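Before any comments, here is the structure.
The values are calculated or read from the model by the stated rules, or taken from the named source; none is laboratory data. Please read all numbers here as calculations on a predicted model, not as lab measurements. In this analysis, Cβ positions are derived from the backbone assuming ideal geometry, glycine residues included, and neighbour counts consider all displayed protein chains. Just the protein is used for accessible areas: all its heavy atoms, side chains included, with ligands, DNA and RNA removed. Shrake-Rupley method; radii C 1.70, N 1.55, O 1.52, S 1.80 Å.
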Amino acid sequence: QVQLVESGGGSVQVGGSLTLSCAATGRFPPTPTIGWFRQSPGKERAFVAAIGRIGAAKRVADFVEGRFSVSRDNRDSTKHMIYLQMKNLLPEDTAVYYCNTIEDIRSGQPLGSWGLGTQVTVSS
């Protein structure tokens, strides 16, 4: 069982940058494939990015291509860190961001329960 905790959200102005963190703890291996998702008020939760077990395989959603990137640090065997680097933020990026274990990079199908997420607010 993997536990995930998101952090790093905040308020920024249009064009600003933020890096979100997802701390994954639990029993490894297997090292989980992790996805980032977001949910804006009145909208369904949407896939944003995903990263494979060792960080080689990655995918980001079309609507954040070129602005968001994902990385991970597995050096601590008891706590893996997964990051979502966001730049050139837009008002439409305002949302609660979540990380979750996913079935695979291609599907981005979430597997676990949702945590509290971290709020990102982009203002003009």
Is it the case that region 68-80 has a residue that's out of contact with any Phe, Trp or Tyr (no Cβ under 6 Å at 6 or more places or on another chain), closer than 17 Å to residue 3 by Cα, hydroxyl-bearing (Ser, Thr, Tyr) and open to solvent by 50 Å² or more (accessible area, probe 1.4 Å)? yes
Do we have any residue at all in region 81-92 that's among the hydrophobic types (A, V, I, L, M, F, W, C), without any contact (Cβ under 8 Å) to a residue 24 or more places away in the chain and in contact with a Phe, Trp or Tyr (Cβ under 9 Å, 6 or more places away or on another chain)? no
Log entry, pairs with first residue in region 44-63 being crowded, with 16+ Cβ neighbours inside 10 Å, second being modelled with pLDDT under 95 and among the charged types (D, E, K, R), beta carbons closer than 8 Å, six or more apart or on different chains, reads 59/106
I need a count of the residues in region 1-32 that are of a type in the set (A, V, I, L, M, F, W, C), modelled with pLDDT of 95 or more and part of a loop (DSSP other than H, G, I, E, B). 1
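Name the strands (runs of 3 or more DSSP E) wholly inside region 65-117 in which the number of residues that are farther than 11 Å from residue 50 by Cα is 3 or more.
It comes to 79-86, 95-101.
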Out of (1) touching a Phe, Trp or Tyr at 6+ places or on another chain (Cβ under 7 Å); (2) crowded, with 17+ Cβ neighbours inside 10 Å; (3) among the hydroxyl-bearing types (Ser, Thr, Tyr); (4) farther than 19 Å from residue 10 by Cβ, what's the single condition that is false for residue 97? (4)
Could you please tell me which pairs satisfy a Cβ distance under 8 Å, a separation of 6+ or placement on different chains, a first residue in region 23-37 that is farther than 15 Å from residue 106 by Cβ and among the basic types (Lys, Arg), and a second residue that is open to solvent by 20 Å² or more (accessible area, probe 1.4 Å) and outside any strand (DSSP E or B)? 27/1
Kindly evaluate residue 41 against the criterion of being modelled with pLDDT under 95 and within 13 Å of residue 93 (Cα to Cα). yes
